[in-house]
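The values are calculated or read from the model by the stated rules, or taken from the named source; none is laboratory data. Computed from a predicted structure; not experimentally measured. Here the Cβ positions follow ideal geometry from the backbone for every residue, glycine too, while neighbour counts run over all protein chains shown.
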Amino acid sequence: MSRPLRIVVAKAGLDGHDRGAKVIARALRDAGMEVIYTGLFQTPEQIVQTAIQEDADGIGLSILSGAHMTLFPLVVDQLREQGADDIVFFGGGTIPADDAAELKRRGVRAIFTPGAPLQEIVDFVNRECGKRRELVG
Amino acid sequence: MAKMIDRPSGLAATATPEFEAQRERWEVASAQGTPRRGPGSGATDRTLSDIPLKTVYGPADVDHLDLARDLAWPGEFPYTRGIHPNGYRDRLWTMRQFAGFGNARQTNERYHFLLEQGQHGLSVAFDMPTLMGYDSDQPQARGEVGKCGVAIDSLADMETLFEGIDMGDITTSMTINGPAAIAVAQYIAAAEKKGIPRAKLGGTIQADILKEYIAQKEWIFPPRPHMRIIVDMIAFCTEQMPKWNTISISGYHIREAGSTAAQELAFTLADGFAYVEACMAAGMDVDSFAPRLSYFFNSHIDFFEEIAKFRAARRIYARRMRDTYGAKDPRSWKLRFHTQTAGCSATAQQPENNIVRVAYEAMAAVLGGTQSLHTNSMDEVLALPTEKSVEIALRTQQVLAYETNVTNVVDPLGGSYFVEALTDEMERQAEAYFSQIAEYGGVVEAIEAGFFQKEIAEASYRYQRSVESKDRVIVGVNAYQKDESIEDIDLLRITEEMEREQARSVQNVRATRDPAPVAATLERLAQACRDPKDNLMPHLIDCVNAYCTEGEIVEAMVSVYGRYTERSVF
């Protein structure tokens, strides 16, 4: 692969819990990826804009405030509207299993809940964003 | 015991030749042991916060301690052994379960339930929009209304929240920081409408903005104007609300953000000292406000480390308050604190195991001498807790208080070679952090430089790595896993209908109130924000009584102060 994968790690809404997002950002960076951390309180529009401007291969969104059923679908909609739904969109947080299943049905590629091994997340991103890179170039 | 008091220094008994011979034999035997292997064996030589541990502790580890200077007796300076002479024999800790969800009506029902179950005081959890200063119908609030706590948009909601509850009889803790002064104004206004004067109100407001920049990230204004608001609030409450704890300086969120125990201790106390200095700089006498400062710590899963942290906190605080700030009133020297068990130690996997974790953490808090305690519910890692799980959490405290007998002797671990050595190490690490913070020029400057944020992110990543490598075991997560489906347990859910209903409710408040005082009180508030000599609290109470919404009040203040944005580091 010529250049490293680029991943946007995002926090949305009013949720200030950034421990997990920062740990994931560090782990992806340590795995050789280029990581753009959006900082807190981003709107779905801003997150998708950042991903497009940064030519990102993936977006990882972290939500621990309970607003996941509102904010994840809004990011999916934005990606579609901007014609950017090839970007691999995944996320994590305190998300009950049936909500996670529903979000996956609506276009979120993976949901990682507390306790998910970092390596599993790194492997997922490498695999799925790598596939995207092959397709999109 | 009398013989020990006679010795002027040193905790160690005189080491006899026989004792030394025993120690030498132990060293030989210990060196012949084989360290166990398998899960968790990579971290047996250190605490959860990576403080190195010996296999066993003895008199030599505490010989530098001076009994009178470092330990004393319960209720005696420096309060290492507790702030009350009789500990829990005279008075148990306050069992205070944090609660709030949905709208004020739903939360009011939960409060009635908790009071009926024997809880002593109320503790309000607000939702994210309320914590960040937005009304429920603002676009920033979408998806967040009522999720992490209760939505309080105006005085009307505060009145509903306390319907049927005697506000002059209970104590209320309110966990809110950015808009803390507004929440206090609403609480005062709601009580006074029921005929209860503000002087009779007992409780605590968190109002600790510094830890928001450090860890929890629920800020509104930049640090300097926020400090002014807090000083105004402390000055006002000191004068007019003798039963009110004016601020709860919080390490809980610092720990949840991934700090070590020593960082939690050091950063929290540093924040506390920053407030003390700010109030003194505003001309207040330290003994006028210090007795009503209180603290809020995390109780994590490393049992002895937590106990040592609590003991060290009291000792450091007493020394600084007396020797650095010149406090003369012993009440100013005493660190009083609330504790909550560590949310970050709970696991989504096998959530029932969290009941056990909480029980150990609660016991550490009690052996550390906490004044009040919140025990987390087993399902809080997944969602807001159900009534059943809240009840188990409260029963956990009751079993601890009434069945285990750990309450019958004050500071039962005092004099333990290990606990004393660890207490001392905690103090040493905290002092080292104080020096680093001083090099930045103070807490606000260190925040602006990103110092705390970076220290915490480092610690959190180091910890996560140790879990990944299985140096540390988390039962059900990286060992002893089983296939399970998390949705098997009942969860409390907040509906989108609730959000729409709350949005309509605040719109109704705006439509039905008298508009003239709204504009007038908001204008006077903005004026006061520009005049550092004008205390903001009376203006906030006027705004609240005019049924200005929280979002309107915050906007008026933002027009003067601006909003804070963080430079993010990871």
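Going by what's in this entry, would B:Asn354 be described as closer than 30 Å to A:Pro96 by Cβ and not in a loop (DSSP other than H, G, I, E, B)? It is true that B:Asn354 is closer than 30 Å to A:Pro96 by Cβ and not in a loop (DSSP other than H, G, I, E, B). Going through region A:1-27 one residue at a time, which ones are in a helix (DSSP H, G or I) and touching a Leu at 6+ places or on another chain (Cβ under 8 Å)? Result: A:Gly20, A:Val23, A:Ile24, A:Ala27. Going through (1) out of contact with any His (no Cβ under 6 Å at 6 or more places or on another chain); (2) farther than 15 Å from A:Phe124 by Cβ; (3) facing chain B (nearest Cβ under 9 Å); (4) of a type outside the set (Ser, Thr, Tyr) one by one, A:Ile95 falls short only on (1). Taking every residue in region B:463-485 that is under 16 Å from B:Ile301 (Cβ atoms) and facing chain A (nearest Cβ under 9 Å) and pairing it with any residue that is part of a helix (DSSP H, G or I) and of a type outside the set (S, T, N, Q), at least 6 positions away or on another chain, the pairs with Cβ-Cβ distances below 7 Å are B:Gln464/A:Val23; B:Gln464/A:Leu118; B:Ile474/B:Val467; B:Asn478/B:Val467. Report, by residue number, each residue of region B:42-67 that is at pLDDT 95 or above, β-branched (Val, Ile, Thr) and surrounded by fewer than 16 Cβ atoms within 10 Å (Cβ to Cβ). Within region B:42-67, B:Thr55, B:Val56 qualify.
Examine region B:203-217 for a residue that is away from chain A (no Cβ under 14 Å) and touching a Cys at 6+ places or on another chain (Cβ under 7 Å), and state whether such a residue exists. The answer is no; no qualifying residue exists.
Anything in region A:45-78 that is under 18 Å from A:Ile7 (Cα atoms), without any contact (Cβ under 8 Å) to a residue 40 or more places away in the chain and crowded, with 21+ Cβ neighbours inside 10 Å? List them, or say none.
A:Ile47, A:Val48, A:Phe72, A:Gln78
With respect to being in contact with a Leu (Cβ under 8 Å, 6 or more places away or on another chain), closer than 21 Å to B:Met363 by Cα, surrounded by 14 or more Cβ atoms within 10 Å (Cβ to Cβ) and hydrophobic (A, V, I, L, M, F, W, C), B:Leu400 falls outside the description. Against the list (1) more than 14 Å from chain A (Cβ to nearest Cβ); (2) under 25 Å from B:Glu361 (Cα atoms), the condition B:Gly100 fails is (1). Considering B:Glu305, B:Glu277, the condition of being surrounded by 22 or more Cβ atoms within 10 Å (Cβ to Cβ) and more than 14 Å from chain A (Cβ to nearest Cβ) is satisfied by B:Glu305 alone. Checking each residue in region B:524-548 for being under 25 Å from B:Ala282 (Cα atoms) and either without any contact (Cβ under 8 Å) to a residue 40 or more places away in the chain or in the same structural domain as B:Gly133 (by TED's automatic domain parsing) (or both) picks out B:Arg524, B:Leu525, B:Ala526, B:Gln527, B:Ala528, B:Arg530, B:Asp531, B:Lys533, B:Asp534, B:His539, B:Asp542. The single condition from (1) closer than 30 Å to B:Gly368 by Cβ; (2) touching a Phe, Trp or Tyr at 6+ places or on another chain (Cβ under 8 Å); (3) within 14 Å of chain A (Cβ to nearest Cβ) that B:Ile437 fails is (3). Among helices (runs of 4 or more DSSP H) entirely within region B:224-298, having at least 2 residues that are of a type in the set (Asp, Glu) and under 30 Å from B:Arg462 (Cα atoms) singles out B:261-281. Scanning region B:549-570 for residues that are over 12 Å from B:Ile182 (Cβ atoms) and either among the hydroxyl-bearing types (Ser, Thr, Tyr) or within 11 Å of chain A (Cβ to nearest Cβ) (or both) yields B:Ser559, B:Tyr561, B:Arg563, B:Tyr564, B:Thr565, B:Glu566, B:Arg567, B:Ser568, B:Val569, B:Phe570. Taking the conditions (1) under 30 Å from B:Tyr480 (Cβ atoms); (2) more than 34 Å from the chain's Cα centre (by Cα); (3) at pLDDT 95 or above in turn, B:Gln32 satisfies each one other than (1).
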